[in-house]
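Novice: Before I ask anything, let me first share the structure, which is written out below as structure tokens.
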Amino acid sequence: MKENMYVTLLKHRSFMAFWCSTTLLRLASNLLQFALAIYVLDRTGSAFIFSTVLSVILIPRLLCTSIAGYAADFQDSIRILRWGILALAVLMACFFIIHLFLPLNVPLICMLVICLELCETFLSPSEGKALLTIVSEDALAPATKLSSLDDGIVETLSPVIAAFFYGRLGLTGILGLTLVMESFAFVMAAMIRSHSGRTSIPDKRSPFSPRSTFHAYRESFLCLKAHPHIIGIILFAPLFNFFVSPLFSVTVPHYFRVTMLADVELYAVFNTVLGIAGLITPFFAMLCIGDQDEARANKVGTILSAVVLGCLTAILQVGSNRLSANGKLYTVIGAMALLVSMITMMNIATSITIKKQIPEQILGRVISIIQLFATISVPLGQLFYGLCSDHFPFTVSLLLSFVGLWITFSVMAATYKQIRSK
């Protein structure tokens with residue numbers, strides 16, 4: 001039955017159009033991020049300036065997340081998806097033309113990053129809700145798992161494609177390639193149709209205004225009293241982003257390059273192994289996560305992640321004198337690959353939980369709240385773990401993540417217990 005559902009989805013024209021469209025968008029975004037990083041560093045030679053450019057993404061997130069969530073709940077999410085993709089394509093065309101005559105400088109790149117993030121902020125809640133209107137309810141879990149297969153592929157291929165085009169054509173080539181991808185994504189989005197004419201627009205809509213947005217969010221927060229499990233679901237992503245994500249972006253790179261003085265080739269091996277782990281895990285998720293098993297997948301994955309970090313801490317602390325430098329690094333690579341696999345599995349399970357357990361009438365607003373908290377928790381976690389990496393041994397950061405995962409497990413266990421008791 002499960003295999004038949006996947007085959008049916010692969011023949012579902014609107015689902016495949018949605019999948020192709022969102023995959024092209026994600027690939028285009030990753031290509032541009034990779035190229036802008038190299039371009040800014042090449043022009044300025046300053047990592048601080050580059051980090052400043054990245055930090056401006058918080059501005060549109062903080063200002064427009066609530067409006068984006070409101071729009072997803074009170075407007076047609078598929079229509080917002082189409083118009084948002086078209087806006088991205090037009091934006092990229094404008095900056096492509098500007099760059100042909102006036103090479104982009106740091107202020108223009110900041111403007112580009114803000115505009116891109118603004119469009120993506122509006123797209124994210126509607127993208128999360130659109131799937132509900134495209135497939136039937138019984139196909140929701142398989143569709144979520146199937147649409148996640150591209151995550152690892154995109155993460156693995158993006159640096160390779162971006163490096164190839166940037167090395168030969170520079171930023172102009174990346175801007176042009178991104179424009180082409182977003183144009184094709186718009187064509188795909190234009191083919192999306194809702195399931196049996198179903199729409200995400202409620203029967204009664206209030207006028208779109210800041211005041212109505214405030215009242216809509218007030219309504220959604222009041223709804224949390226009737227559905228207390230939603231608060232736990234909202235905390236899943238921020239907890240992981242604070243306690244686990246900095247291991248990959250700050251702690252492990254610092255350990256490789258500063259503490260252990262590892263060469264670039266070995267650090268490249270680390271990133272390649274993580275990409276492969278993220279690539280193959282969704283296929284296992286399709287087999288391991290049953291349509292009703294997302295709770296078990298999340299809880300077991302969190303426990304196993306904590307066990308991996310606990311074992312890694314013990315190995316590095318107790319066996320530090322017995323392991324060679326390369327032995328330590330390869331041990332870290334293996335442990336982080338296992339961690340990526342379990343986190344990927346849990347991301348899929350959490351996505352299923354969000355779509356199944358949050359009432360549809362407030363789904364867009366709740367998704368926007370989750371993304372806002374998740375976005376804010378990233379720089380906070382990076383700052384905290386950056387300070388830890390500068391002043392304490394690597395194992396201290398691992399131990400903090402170990403404790404954080406048990407805190408996360410406690411939140412998950414309480415949340416799923418509330419869901420079962422509904």
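Novice: Using R₀ = 30 Å, calculate the FRET efficiency as 1/(1 + (r/R₀)^6) where r is the Cβ-Cβ separation of residue 407 and residue 269; round to 0.05.
Specialist: Once the sixth-power term is evaluated, E becomes 0.40.
Novice: Sticking with this one: Can you tell me the order of 125-137, 303-315 when each peptide is scored by its average per-residue count of other Cβ atoms within 10 angstrom, highest first?
Specialist: Answer by packing, highest mean first, reads 125-137, 303-315.
Bear in mind these aren't lab numbers, they're just calculated from the coordinates by the rules spelled out. These figures come from a predicted structure and were not determined experimentally. Methodologically, a virtual Cβ is constructed for each residue, glycine included, from the backbone with ideal geometry; neighbour enumeration extends over all protein chains shown.
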